[in-house]
Amino acid sequence: MGNEYFRYGESADAAASNPGAWKQRTITSASLAEVLAIALGGLTLRPEPAEAVGRFFLVIRDDPAPTGNINISPDGSAMAFTAPISNGDLQL
């Protein structure tokens, strides 16, 4: 036959058993891309570390005692409550 790339018989079997360098490079490249994608996904999806916990003790006098709700700000840095003052009115 006139086409040098056309194989038949034993030559075709030998070519099928030897996949060639291009296939090995393709498998290596695909494996490397998969490893990089997994590593990048692991770095991207890693949860942020938890913030440090601060604990505070608050001593509230019995006179005047807090009434109603005691509210804490969303960031935890402030607290508000109402308590009666000497004339009976509530003060924040």
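The values are calculated or read from the model by the stated rules, or taken from the named source; none is laboratory data. This is a predicted model, so every value here is computed, not measured.
The numbered conditions (1) at pLDDT 70 or above; (2) in a helix (DSSP H, G or I) are all true for Leu58 except (2). Flag set for Asp13, criterion: at negative phi, assigned to a helix (DSSP H, G or I), modelled with pLDDT under 75 and among the charged types (D, E, K, R).
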